[in-house]
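The values are calculated or read from the model by the stated rules, or taken from the named source; none is laboratory data. Keep in mind that what you see is a predicted model, and the values were worked out from it rather than measured. Note: ideal-geometry Cβ built from the backbone for every residue, glycine included; neighbour counts use all protein chains shown. Ligands, DNA and RNA are stripped out before the accessible areas are found, and what is left, the full protein with its side chains, is counted by its heavy atoms. Shrake-Rupley method; radii C 1.70, N 1.55, O 1.52, S 1.80 Å.
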Amino acid sequence: MARKQHFNTVAIHAGQEFDPTTGAVIPPIYQSSTFVQKSIGELRGGYEYSRGGNPTRDSLQTLLAALEGGKHGLSFASGLAAEDTLLRAALSPGDHIVMGNDVYGGTHRLIERVHGPWGIRNTVVDMSDLRAVEKAIIAGETKMLWIETPSNPLMKISDIAELAEIGHRAGLIVVVDNTFASPALQRPLLHGADVVVHSTTKYLGGHSDVLGGALIINDDALAEKALFLQFAAGPVSAPLDAWLTIRGIKTLAVRMERHSSNAQAIAEHLDGHPALEAVYYPGLPDHPGHALAKQQMSGFGGMLSLAFVGGAKAARKFAEKTKLFQLAESLGGVESLVNYPSEMTHASVRGTVLEVPDNIVRLSVGIEDVTDLIADLDRAMPKKK
Ligand SMILES: *Cc1c(COP(=O)(O)O)cnc(C)c1O
């Protein structure tokens, strides 16, 4: 077993040993809140109470760490629960965060409106402008750099290695939200990041049937703090949720291949359409982040956005007209979804620097047959007058 395994093998086997008592190929769901002790304080497998530790959650946590090539994996009830735990583990009142101007709206809301009143300040910058990032760092006060790439919904690409270097020069913890790419396409720790955050609700779970979040941390001391908070505050993933996420991860690599090829075909089909101002997809050669994405990622993913010439009216009409692309928040499932960010996923950032233009429609391209998907989009497109 000394030979290092490849991603597709790791995704199916890491932390997934068969059940030694029955031989069950799939480890059972340990749907138990507590564990019988042999004598007072003498535990049978190290398990005591499921907030502190549960075998199904452990199995997922081992898998998460292996997928990202990291040391410690922690799983949570949601992506935001994971983020909240990280922020509280790493920061103290008076600390300052620099984050991208297109981070997930809920991340901005959490940092600004929940952690803000507890004394955490933030500055929002364009992460593709390295000078601006350097300028936003306040010596002695900034403690964290928060990167999301590709970003949501405009699919901007930031250079993880360069940003990690800038962050480390100033002694910051460099965090990458890797939800959009998934570790099948991008592994930020290998580019120098310190922490990876996921909403496993999206591609890792992959079937729109479970909420979850993850942290993957290399530093032992930070991981210990986060583990303590996971136990002491209790934002843990439930056993069934952890199991569903494991089940999803087994097909992650093949799903991401199909998500990427479908999205590429759709982007190429719609690029240059007279009803569209722009198609935002890093797989298109004229996308400003194309070359960087090519070097930093092993595929361009399943997310793309469209900007309509006809403004908000055209965008809204389109989003309500597709059929296979169902109108819903979220992303990353096998089924295609359409979203109108300015009033749905990004409603919470209206009126802030993170506001999304109102002529944008975001697509989460599923793994259905691409000809059916294209037919659905064509049918919903504004007709020439
Ligand atoms: C959905 C999402 C989150 C939040 O995760 P939840 O599981 O909804 O709490 C964070 N970051 C990104 C990029 C997301 O898409």
Within-10-Å neighbourhood charge of residue 206 [Cβ basis; K, R +1; D, E -1] | +3
Looking only at aspartates and glutamates whose Cα falls under 18 Å of residue 4's and that sit 8 or more positions away or on another chain, we get 17, 68
Starting at the first residue of the stretch 272-286, write each ³J(HN,Hα) from the Karplus equation 6.51 cos²θ - 1.76 cosθ + 1.60 with θ = phi - 60°, in whole Hz, x for Gly and Pro.
-> x, 4, x, 7, 10, 7, 7, 10, 9, 8, x, x, 7, x, 8
Ranked order, 72, 13, 96, 168 - accessible area, probe 1.4 Å, largest first = 13, 168, 72, 96
Long-range amide H partners of residue 144, meaning residues 5 or more apart or on another chain whose placed amide H is closer than 5 Å, are 96, 98, 173
Amide H neighbours of residue 237 under 5 Å, counting only residues 5+ apart in sequence or on other chains, H built in-plane at 1.01 Å?
-> 76, 77
Applied in sequence order to the stretch 215-232, the curve 6.51 cos²θ - 1.76 cosθ + 1.60 (Karplus, θ = phi - 60°) yields integer Hz couplings, x standing for Gly and Pro, of 10, 10, 10, 8, 5, 4, 5, 5, 4, 5, 4, 5, 5, 4, 5, 4, 6, 7
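Would you mind getting the accessible area per residue of the stretch 7-249, heavy atoms of the protein chains only, 1.4 Å probe, in Å²? If you can, show how the numbers build up before the last one.
Details: 10070 Å² over 243 residues.
Result: 41 Å² per residue.
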Quick one: check the C-alpha center-to-center distance for the stretch 362-385 versus the stretch 1-52, whole angstrom.
-> 43 Å
What is the set of long-range amide H partners of residue 327 at a cut-off below 5 Å, with H atoms built 1.01 Å from backbone N?
-> 338
What is the helix-to-structure angle for 160-169, meaning the angle in degrees between its Cα long axis and the longest Cα principal axis of the chain, kept from 0 to 90 and rounded to the nearest 10?
-> 60 degrees
Fluctuation leader among 140, 69, 289 - the chain, Gaussian network, Cα springs under 10 angstrom = 140
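Helix-only mean residue ellipticity at 222 nm, the chain, DSSP H runs n ≥ 4 weighted -39,500 (n - 2.57), per residue, nearest 500. What is it?
Values: 12 runs with 128 residues, N = 385.
Calculated mean residue ellipticity at 222 nm is -10000 deg cm²/dmol.
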Which angle from 0 to 90°, rounded to the nearest 10, does the C-alpha axis of helix 239-249 make with the longest principal axis of the chain?
-> 50 degrees
Net charge contributed by nearby residues that have their C-beta within less than 9 Å of residue 153 (K/R +1, D/E -1) | 0
To one decimal place, what Kirkwood hydrodynamic radius in Å is obtained for the chain from all pairs of distinct Cα atoms?
-> 21.5 Å
For the stretch 253-380, which whole percent of the accessible surface, found with a 1.4 angstrom probe, sits on carbon and sulfur atoms?
-> 53 percent
Over the stretch 253-380, average the accessible area per residue using a 1.4 Å probe and give it in Å², no decimals.
-> 42 Å²
Cα extents of the stretch 253-380 along the three principal axes, largest first, in whole Å?
-> 36, 31, 28
Expressed in square angstrom to the nearest 10, the accessible area of residue 297 with a 1.4 Å probe stands at 10 Å²
Separation between the residue 22 and residue 353 pseudo-spin-labels, each 7 Å from Cα along Cα→Cβ, expressed in nm?
-> 5.5 nm
For residue 338, what is the net charge nearby, where nearby means another residue's Cβ is under 12 Å from its Cβ and Lys, Arg count +1, Asp, Glu -1?
-> +1
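With a ≥ b ≥ c the root eigenvalues of the C-alpha gyration tensor of the stretch 29-140, is it rounded (a/c under 1.5), prolate (a/b larger than b/c) or oblate?
Numbers: a/c = 2.95, a/b = 2.32, b/c = 1.27.
In terms of gyration-tensor shape, prolate.
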Return the distance in nm (one decimal) between the two label points of a simple spin-label model at residue 369 and residue 170, each offset 7 Å from Cα along Cα→Cβ.
-> 5.2 nm
What do the square roots of 5 times the Cα gyration tensor eigenvalues come to for the stretch 152-193, in whole Å, largest first, as semi-axes of the equivalent ellipsoid?
-> 19, 12, 8
XL table 156/313; 294/323; 294/321; 202/317; 135/156; 156/225; Cα-Cα > 30 Å flagged, in table order, is 294/323; 294/321; 156/225
Answer with one residue from 166, 181, 305: the one whose Cα lies farthest towards the positive end of the charge dipole of the chain, charges on Cβ with Lys, Arg +1 and Asp, Glu -1.
-> 305
How much of the accessible area of the stretch 7-249, in percent, comes from carbon and sulfur atoms when a 1.4 Å probe is used?
-> 55 percent
Per residue of the stretch 311-317, in order, report the coupling 6.51 cos²θ - 1.76 cosθ + 1.60 (Karplus, θ = phi - 60°) as ³J(HN,Hα) in whole Hz, putting x for Gly and Pro.
-> x, 4, 4, 5, 5, 4, 4
Does anything in the stretch 308-345 have its amide N under 11 Å from the 7 Å Cα→Cβ label point of residue 251, and if so which residues?
-> 334-335
What angle, in degrees between 0 and 90 and rounded to the nearest 10, separates the Cα long axis of helix 370-380 from the longest principal axis of the Cα atoms of the chain?
-> 50 degrees
